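Inspection log for the structure reproduced underneath, given as structure tokens.
The values are calculated or read from the model by the stated rules, or taken from the named source; none is laboratory data. Computed from a predicted model, the values in this text were never measured in an experiment. Cβ coordinates were reconstructed from backbone atoms using ideal geometry, including for glycine residues, and neighbour counts include every protein chain displayed.
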Amino acid sequence: MSDNMTMRWYTALANVTSAVGGLILDQHQNVLLAEPRYKPTWVFVGGTVEADEAPTAALAREMSEELGALLAQRTPVGRLLVTDWVPRRPGWDRPMHHLVFDCGQLDVRNLASASVPARELTCVRFVTIRDARVLMEPHESRRLELALRAQRLGVHIYAEDGFPQGD
């Protein structure tokens, strides 16, 4: 294959952005969510994977940025719970893979020491699963439900736009 053909082949491949989120629960099974400044709905603690960055490293970096280094150490990145392919949306130039990892449990009393980046987030806090369904976008709320199911069953779930595939 010539260099020109190889380059055309590579440019024709899917171009997908990856994002990571951590499922962090408290002792009452409430979920830790972040209220971003850039959109009206709440999200998992996490963010976008940068070029040449492993997803687990990206989540560790994002948790350190969003919670502070001390709290991030208390919530290590665990196993992959959900891979969710999300189609292109208005304002997005490509589809995304959202990866949700089990990041264990954090005592709600420890959250007071979180150092939230003011330029990016309004706050992080534990909310009930019921409240999370209202605070999150529908496809993100479905992803949360899948992550909880995957954690409970000890499985990995593949989804498309928050809907499980191959169940």
**Prompt:** What is the residue count in region 1-29 for residues that are β-branched (Val, Ile, Thr), within 18 Å of residue 54 (Cα to Cα) and at pLDDT below 95?
**Reply:** 2
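Considering only region 20-63, state which residues are of a type in the set (S, T, N, Q) and either surrounded by fewer than 16 Cβ atoms within 10 Å (Cβ to Cβ) or touching a His at 6+ places or on another chain (Cβ under 7 Å) (or both). Write out each step before concluding.
Initial filter on region 20-63 (of a type in the set (S, T, N, Q)): 27, 29-30, 41, 48, 56.
Once the filter is applied, which keeps residues that are of a type in the set (S, T, N, Q) and either surrounded by fewer than 16 Cβ atoms within 10 Å (Cβ to Cβ) or touching a His at 6+ places or on another chain (Cβ under 7 Å) (or both), region 20-63 yields 27, 29, 41, 48.
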**Asked** Between a first residue in region 117-132 that is among the aromatic types (Phe, Trp, Tyr) and a second residue that is exposed (fewer than 12 other Cβ atoms within 10 Å of the Cβ) and part of a loop (DSSP other than H, G, I, E, B), which pairs have beta carbons less than 8 Å apart while being 6 or more apart in sequence or on different chains?
**Response** 126/28
**Asked** Name the pairs: first residue in region 24-51 and within 16 Å of residue 115 (Cα to Cα) and of a type in the set (Ser, Thr, Tyr), second residue at pLDDT 95 or above and assigned to a loop (DSSP other than H, G, I, E, B), Cβ to Cβ under 7 Å, at least 6 apart or on different chains?
**Response** none
**Message:** I'd like the full set of residues that are part of a strand (DSSP E or B), more than 20 Å from residue 150 (Cα to Cα) and of a type outside the set (Phe, Trp, Tyr), limited to region 19-51.
**Reply:** 34, 35, 36, 47, 48
